[in-house]
Amino acid sequence: MMYTQSRKWKLKKPSHSEDPNSMASSSSTPPHGGDYEGGEEQRKGNNYEVFLSFRGKDTRKGFTDYLYTSLKVAGIHVFRDDNELRVGDEFGPELLCSITQSKISIPIISENYASSTWCLRELAHILKCRRNRGQIVLPIFYKVEPSQVRRLLGGFGDAISAHKRNLDERIVKEWEEALKEVTSLKVWESEKTDNGHEGKLVETVVRKVMGELKRLFLLNVPKQLVGIDDRVEYLMSFIDAKCSDTRVIGIYGMGGIGKTTLAKVLYNKLSSHYEYQSFVENIRERSKRKGIEGVQKQLISDINGDLCDVSNVDDGINILKSRFTNKKVLILLDDVDDHTHLNALVGDGSWFKAGSIVIVTTRDKGILDTAGVSYKYQLNELLSDQSLVLFSRHAFRMDSPPTDYQVISRDIVSTTWGLPLALEVIGSFLCGKTKEAWKATSKKLEKVPHKKVQEKLRISYDALDPEDQHIFLDIACFFIGSSKQHPTYMWDACGFFPGKGIEVLSLLSLIKIDEDGNFLMHDQLRDLGREIIRLENQKEPQNRSRLWDYEEAIEVLGSNKVRVFSTCLG
């Protein structure tokens with residue numbers, strides 16, 4: 001970040017004549033925390049993604065440790081209950097909570113598993129969560145056969161008999177039923193998977209867990225959607241479950257029209273059918289910062305579940321071509337603005353297993369044409385009535401305007417020519433405003449030339465207090481994707497009242513904040529903010545208030561034409 005001295009997603013291929021293009025829509029991998037083994041972090045109520053139940057004396061230092069570590073390396077929030085290390089005999093509520101809140105449980109059934117009352121209690125509760133809450137259970141039978149467990153042969157029968165002598169018969173009966181039930185699930189047997197190669201088994205388990213988690217955590221889409229179902233149904237008709245190739249589906253249209261939202265809804269609808277998935281957002285912006293090889297690296301990591309070094313574009317292409325021909329993938333490439341980037345990420349589609357789906361969003365249809373994309377869909381503007389519904393949801397928090405706002409609402413909606421982003425931003429801006437403010441805004445919108453998107457959006461920016469404008473520009477230039485905590489201290493020191501400013505920007509739909517507290521901003525609004533800065537001095541970047549482009553910043557610093565100083569610009 002740099003300030004300069006001045007301020008300042010089985011059907012046949014469709015007939016395109018059936019395109020329901022009159023129906024448009026409005027306008028990110030689960031977050032992973034740290035890795036814990038119980039204790040204080042458990043008592044704080046962490047929601048774990050994976051719960052491991054195992055008999056420590058059998059697998060603690062070997063298979064379980066290897067699996068646990070591999071899950072951690074994959075970024076998965078995993079709880080490992082090493083019950084032999086516990087103090088006391090109480091099966092406490094914290095442990096029950098950890099099992100209940102986990103998305104996936106993996107009981108590792110080994111030779112002495114049933115001899116532990118802790119393991120049997122865990123197994124009974126895990127299966128109860130599966131029945132009542134739909135929890136995913138992935139059993140591993142480690143050096144034992146499921147038939148031994150189901151029929152209570154050998155050590156399993158001995159262990160249950162011992163428990164019956166010391167414990168309530170009803171409890172032990174529940175444990176017997178749990179041991180039988182777990183063998184009815186789809187299981188892995190360590191001695192039969194890859195000829196007993198445990199490393200391969202761990203790799204398989206980790207990949208399965210990652211696939212299941214991706215299906216559980218869908219991409220975020222706005223709640224206020226209009227006309228989305230017909231769009232998705234039409235795009236689904238591009239997809240044939242028996243297709244012998246990779247289907248690349250291009251969604252194109254102007255900025256702010258809702259391409260990314262439509263693509264995310266399609267991706268979410270398809271995701272449960274694909275083990276290998278990747279959503280790569282903002283490729284236009286990211287390729288400028290990290291090069292397209294950085295985007296290749298994320299794609300490879302998402303699909304393969306590991307990190308690899310991609311030193312150049314050709315290296316990335318070779319990895320994609322060599323590693324993924326046997327993988328059926330679902331990929332969403334968002335905001336592609338260069339056909340060479342599309343070629344570097346998916347090639348001609350032969351790099352992936354037949355049945356794979358690649359969804360591409362772009363503003364430029366020519367990119368899809370040059371790349372030879374066969375399935376293209378133009379996303380057009382919302383119809384007038386749909387526009388009014390979307391606008392009203394943001395301006396009035398209902399589906400239609402009040403009677404005395406009908407005429408002016410329709411007048412304002414007509415100036416947005418069905419652009420969902422403009423409807424959202426302007427509706428949010430007018431929410432709670434006086435009738436006089438509505439009339440003044442309507443006049444300003446009427447003066448903006450047809451399809452001048454940024455000028456329409458700038459009306460909301462111009463109405464901000466100067467401090468809030470600075471916060472908006474800082475986010476647009478530097479802090480998209482960053483935690484809101486990072487720049488708050490700076491803004492506070494500058495006297496910008498960041499708490500109030502962030503709330504105002506959020507209420508006006510100029511920014512959004514995700515569930516992790518990170519700033520999000522539509523690319524049209526980002527471009528608006530950066531254009532405002534560029535216009536401060538078009539030819540001399542050293543005289544602009546902010547520099548975010550790496551090459552420009554290096555050039556300015558190298559020329560000694562600027563003095564970098566405090567971010568509090570007053």
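The values are calculated or read from the model by the stated rules, or taken from the named source; none is laboratory data. Fair warning: this is a prediction, and the values are worked out from it, not measured in the lab. Note that each Cβ is placed from the backbone with ideal geometry, even for glycine, and that neighbours are counted across all protein chains shown.
Could you tell me whether any residue of region 330-340 is touching a strand residue (DSSP E or B) at 6+ places or on another chain (Cβ under 7 Å), farther than 30 Å from Gly227 by Cα and either at pLDDT 90 or above or buried (at least 19 other Cβ atoms within 10 Å of the Cβ) (or both)?
no
Of everything in region 337-358, what is over 16 Å from Glu285 (Cα atoms) and not in a helix (DSSP H, G or I)? Give them in sequence order.
Gly347, Asp348, Gly349, Ser350, Trp351, Phe352, Lys353, Ala354, Gly355, Ser356, Ile357, Val358
Within region 379-396, take every residue that is in a helix (DSSP H, G or I) and of a type outside the set (Gly, Ala, Ser) and give me the one that is surrounded by the fewest Cβ atoms within 10 Å (Cβ to Cβ).
Ranking the qualifying residues of region 379-396, first place goes to Asp385.
How about region 414-429: which of its residues are among the β-branched types (Val, Ile, Thr) and not in a helix (DSSP H, G or I)?
Of everything in region 414-429, just one residue is among the β-branched types (Val, Ile, Thr) and not in a helix (DSSP H, G or I), namely Thr416.
In this structure, is Asp399 surrounded by fewer than 24 Cβ atoms within 10 Å (Cβ to Cβ), farther than 12 Å from Ser460 by Cα and under 31 Å from the mean Cα position of the chain (by Cα)?
Spelling it out, Asp399 is indeed surrounded by fewer than 24 Cβ atoms within 10 Å (Cβ to Cβ), farther than 12 Å from Ser460 by Cα and under 31 Å from the mean Cα position of the chain (by Cα).
Just one of Leu299, Leu320, Leu262 is buried (at least 22 other Cβ atoms within 10 Å of the Cβ) and farther than 23 Å from Ser350 by Cα; which is it?
Going through Leu299, Leu320, Leu262 in turn, the sole match is Leu262.
Residues are listed down the side, and each one gets a yes or a no for (1) in a helix (DSSP H, G or I); (2) surrounded by fewer than 16 Cβ atoms within 10 Å (Cβ to Cβ):
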| position | (1), (2) |
| --- | --- |
| Pro107 | no, no |
| Glu111 | no, no |
| Glu122 | yes, no |
| His125 | yes, no |
| Arg130 | yes, no |
| Phe156 | yes, no |
| Lys164 | yes, yes |
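Give Gly517, Gly495 a once-over and let me know the one that is at positive phi, in contact with a strand residue (DSSP E or B) (Cβ under 6 Å, 6 or more places away or on another chain) and not assigned by TED's automatic domain parsing to the domain that holds Asp337.
Step by step, each of Gly517, Gly495 is checked, and only Gly517 is at positive phi, in contact with a strand residue (DSSP E or B) (Cβ under 6 Å, 6 or more places away or on another chain) and not assigned by TED's automatic domain parsing to the domain that holds Asp337.
Output the residue which, of all residues in region 211-248 that are closer than 22 Å to Ala354 by Cα and basic (Lys, Arg), is surrounded by the most Cβ atoms within 10 Å (Cβ to Cβ).
Lys214
Have a look at Leu213, Leu218 and point out the one that is in a loop (DSSP other than H, G, I, E, B), of a type outside the set (Ser, Thr, Tyr) and within 30 Å of Ile108 (Cβ to Cβ).
Exactly one of Leu213, Leu218 is in a loop (DSSP other than H, G, I, E, B), of a type outside the set (Ser, Thr, Tyr) and within 30 Å of Ile108 (Cβ to Cβ), namely Leu218.
What single numbered condition from (1) surrounded by fewer than 21 Cβ atoms within 10 Å (Cβ to Cβ); (2) in a loop (DSSP other than H, G, I, E, B); (3) at pLDDT 85 or above fails to hold for Leu307?
Exception for Leu307: condition (3).
What are the pairs, 6+ residues apart or on separate chains, where a residue within region 519-533 that is among the basic types (Lys, Arg) has its Cβ under 8 Å from a residue that is part of a helix (DSSP H, G or I) and surrounded by 19 or more Cβ atoms within 10 Å (Cβ to Cβ)?
Arg526/Ala476; Arg530/Ala476; Arg530/Cys477
Can you tell me which residue is nearest to the chain's Cα centre (by Cα) among those in region 119-136 that are among the aliphatic types (A, V, I, L, M) and within 22 Å of His163 (Cβ to Cβ)?
Residue satisfying both the conditions and the ranking: Ile126.
Of all residues in region 359-378 being part of a loop (DSSP other than H, G, I, E, B) and surrounded by fewer than 20 Cβ atoms within 10 Å (Cβ to Cβ), which is nearest to the chain's Cα centre (by Cα)?
That would be Arg363.
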